[in-house]
Every structure is written in C-alpha cells, then in structure tokens.
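Enquirer: Take a look at this one; I'll ask things after.
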Amino acid sequence: MSTDPLPAPVAARLRRPTWRDPRLVVGVVIVAASVALGSWAVSSAGRTVPVYAADGALTPGEAVDISRLRTVDVRIDAGTELYLRADQELPEEVVALRVVDDGELVARSALGDAADVDVRSVSVPVDQAMSSRVKPGSAVDLWSTPEAPAGADAAGEPAPLVEGVVVEQVDEAGTGLVVSDGATLHVLVPADDLPVVLQALAVPGSVTVVPQAGAGV
C-alpha cells in the first residue's frame, strides 16, 4: 500500500491595500471626519459675538441709546438672537420695559415703545438716612406717616402707600452705608397708584422709603 505525500503548505501572500479596498476607504473617512470635528469644536469654542450690556441700571420708561450701553463679547450659543447684538443696527426710540441691571445683557424683550410703560416719575423728599441699597433699579415700598395731631406726643400710624416701585434716580447719594438725609428720590409709580402717592406727599406728614429684601444687592 503506497502512501501519497501530503501537499506542502502554501504561504499566504499579503496584498498591499489599494483604494479599491473598502476597509481602507472607511478608515480614511473616519480619520478625516474626526479631524474636521475636532477643528470645528476648537474653532467654535473661541468664536464670540458682540452683544450690548447695560452701562448702568436701566429703569422702565428710560430711553435706551448707545450712550446707555456698552459692548461685551460672548461665546456663540443658542439664543444669542434673543439679545441686542452690537454688530446690528440699534433700534430707534425704544425704552426699557423693565429694570436691566448694570452689566446685564440687554434682551430684546426688555425694550419696547414708551406707550407700553404705564408709570410716572415722582419725586420723594428724603428727610432721614436710608440704606445704600436704595439706588437706581432697586425696588422699594413707600409708607406714609401722618403728622402728629395737635397736643399729641407721637405721629399717626404709618400706612403703606405702594409696594415694589422702582427707583429711577437718587439726586444725592452718601458715600457710606446710608444715603444722607436732604436727598430727593425719584421713583416710578404705576398710574393707578399715582393719586394716593401724590395725596400723601401733599399733606403734612412724611413719606418713608423702605427697600425691599434683596433690593440693590
């Protein structure tokens, strides 16, 4: 019985990859996509757009123009169209509809027509020291204290006039922890509350300004 010799094994030849090899094409595409994505992420992280911020507190009814604004650069993000862009034309004859704090980005929704603001500026004499938290943009309550009746040792019972009115201007501000007496405070009073406030200012007695908790902080 004869035994045939086993065939000798044939060594596998490695073929050089060509552009026709789909694995090579897929690999190149993945590497290129990764490089492009990384470059886009780095570029986007460093891109900014100029946006307007309030240069000092803006109060309701106050005209807003370039003199009341300053430009800040912010990173591009979803929602930048909601703010007032400094690289676009500034709307004309607009006023603040609400308080915009110093340094706050100006939202387009915070601006509008003067007819949309139903407040009046009222001057309130200050005959006593007040907290330094009472400043433009802060919210305060007004209280009325009637003058003491003839022969009485104490003044009448204080009563609230209006709550949460916005301070528009302080004529004379002290440099310490309080606003000195003798100053005049300008507050924005809603039209519906105007009669009671004006009446309290017209009769003998005093009107006290009380800052709300957190006002001006």
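Enquirer: Among the residues of the stretch 169-184, is any surrounded by 15 or more Cβ atoms within 10 Å (Cβ to Cβ), in contact with a His (Cβ under 7 Å, 6 or more places away or on another chain) and modelled with pLDDT under 90?
Expert: The answer is yes, given that some residue of the stretch 169-184 is surrounded by 15 or more Cβ atoms within 10 Å (Cβ to Cβ), in contact with a His (Cβ under 7 Å, 6 or more places away or on another chain) and modelled with pLDDT under 90.
Enquirer: Applying the selection to the stretch 58-98, what residues are surrounded by 16 or more Cβ atoms within 10 Å (Cβ to Cβ) and part of a loop (DSSP other than H, G, I, E, B)?
Expert: Of everything in the stretch 58-98, those that are surrounded by 16 or more Cβ atoms within 10 Å (Cβ to Cβ) and part of a loop (DSSP other than H, G, I, E, B) turn out to be T59, P60, G61, E62, L84, A86, L97.
Enquirer: Tell me, yes or no, whether the stretch 104-114 has at least one residue that is touching a strand residue (DSSP E or B) at 6+ places or on another chain (Cβ under 8 Å), at pLDDT below 90, open to solvent by 40 Å² or more (accessible area, probe 1.4 Å) and not in a loop (DSSP other than H, G, I, E, B).
Expert: yes
The values are calculated or read from the model by the stated rules, or taken from the named source; none is laboratory data. Remember, it's a predicted structure, so these values are computed and weren't measured experimentally. Using ideal geometry, Cβ is built from the backbone for each residue, glycine included, and neighbour counts are taken over all protein chains shown. Ligands, DNA and RNA are stripped out before the accessible areas are found, and what is left, the full protein with its side chains, is counted by its heavy atoms. Shrake-Rupley method; radii C 1.70, N 1.55, O 1.52, S 1.80 Å.
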